[in-house]
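The structure under discussion appears below in the form of structure tokens.
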Amino acid sequence: MSEPVLLVDKRDGVATLTLNRPRAMNALSRELRGALAGAFQEIADDPETGVVILTGAGDRAFCAGLDLKELSGVGDEGGDAAGMLAGGEDVIGAMEGLDRPIIGAINGVAVTGGFELALACDVLIGTPATRFADTHARVGIMPGWGLSQKLSRLVGIQRAKALSLTGNFLGADDALAWGLLTRVVPQESLIEEARALAADMLSCVPEVMRAYKAVIDEGFAGTYGDGRRVETRAARAHAAEVTPDAVAKRRLAVQERGRAQAGRD
């Protein structure tokens with residue numbers, strides 16, 4: 001019997017969700033996206049859970065983004081590019097609609113869709129192995145989960161363009177200096193640090209903490225919401241033109257470039 005693609009641990013008011021596809025660098029398959037959306041929706045109805053921690057299994061990757069093998073038609077199922085690219089708003093929507101804080105414990109690389117997943121969290125903690133990359137422009141797809149609008153608001157428009165228009169990696173030290181990460185801790189201490197932060201949040205007045213989060217998010221989304229609608233229209237229009245063969249070729253090129261860049265670190 002295969003292991004579940006998403007591990008859920010609930011205790012002491014904290015739900016820890018672990019993306020559990022380490023051999024695939026925790027890539028977001030259809031199954032995993034469905035499990036994630038379902039877990040967040042379930043947490044929304046769970047009065048015992050006050051904070052969520054989202055992390056990945058293993059020490060290589062938080063999340064490598066959409067499963068490009070599945071997207072390019074490699075394997076038993078896949079190849080529905082338009083459906084995967086334009087119809088995946090449920091995960092991010094479930095995260096953004098949650099009235100409780102989400103702490104992203106970024107245990108390795110967070111690439112493209114994985115970067116967007118990280119940006120849907122409220123607070124990010126990383127390790128020396130944490131690296132972010134936006135390879136949408138290299139793979140040949142448009143972002144549809146908010147990265148084009150949210151990243152520039154977090155790190156500044158020039159830094160965001162430098163990342164998104166090159167596909168280059170951003171290491172943990174720079175991510176901390178840019179304000180993307182709130183702290184960098186040893187890999188073995190990551191979940192412990194995330195749980196300590198969750199405990200601090202749980203020690204606040206629950207209804208005030210949730211209302212405060214809502215106020216911050218609503219204010220932040222004043223122009224962000226308009227940007228998301230622009231992004232969604234562009235992503236859906238582009239997704240209809242994406243072919244599995246094109247994605248497969250670009251995936252190999254992105255992987256090779258990633259290995260080359262890792263060798264220079």
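Any read-out appearing in this document is the output of simple, stated calculations on the displayed coordinates, not a laboratory observation. Bear in mind that the values here come from a model prediction, so they are computed numbers and not experimental data. Virtual Cβ from ideal backbone geometry, glycine too; neighbours counted across all protein chains shown.
Here are the numbers for this structure:
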item	result
Contour excess over end-to-end distance, with Cα ends at S2 and K69 and 0.36 nm allotted per residue	22.2 nm
Inter-label distance for R259 and R23, nm, one decimal - labels placed 7 Å from Cα along Cα-to-Cβ	1.9 nm
In segment 178-261, GluC sites (Glu not before Pro) in a DSSP loop with at most 13 other beta-carbon atoms within 10 Å	E241
Ellipticity estimate at 222 nm from DSSP helix runs (n ≥ 4, -39,500 (n - 2.57)) divided over the chain, nearest 500	-15500 deg cm²/dmol
The chain: most fluctuating residue of G108, G93, G144 per GNM, C-alpha cutoff 10 Å	G93
Principal-axis tilt of helix 244-264 within the chain, Cα atoms, nearest 10 degrees	70 degrees
Charge dipole (segment 6-189, unit charges on Cβ, about Cα centre) - positive-most of G156, L36, L181	G156
Cα centre as origin, Lys/Arg/Asp/Glu Cβ charges: the chain dipole, Debye	1040 debye
Residue (of I92, Y212, A199) at the positive-pole extreme of the chain, dipole from beta-carbon charges	I92
Between segment 1-73 and segment 126-162, the Cα center-to-center distance that results, in Å	21 Å
Given charges at beta-carbon only (K, R positive; D, E negative), |dipole| of segment 154-205 in Debye	300 debye
14 Å reach of a label modelled at E218, 7 Å along Cα-to-Cβ, counting backbone N of segment 94-111	99
Candidates T112, T135, T49: whichever shows maximal mean-square fluctuation once the chain is modelled as a Gaussian network with Cα springs under 10 Å	T49
Within straight-line cross-link reach of K150, lysines at Cα separation under 24 Å, skipping those fewer than 8 residues along the same chain	K161, K213
Straight-distance crosslink candidates among aspartates and glutamates, where the alpha carbon sits under 13 Å from K10 and sequence neighbours closer than 8 are dropped	E42, D46, E48
Estimated Rh, segment 113-177: Kirkwood, alpha-carbon pairs, angstrom	12.0 Å
Residues C121, C204, C63, sorted so that the one with the fewest Cβ neighbours within 10 Å comes first	C204, C121, C63
D_trans [Stokes-Einstein, Kirkwood Rh over alpha-carbon pairs] for segment 202-265, 10 °C, 1.306 mPa s, µm² s⁻¹	99 µm²/s
Choice from N20, N168, N107 with maximal GNM fluctuation in the chain (Cα, 10 Å cutoff)	N168
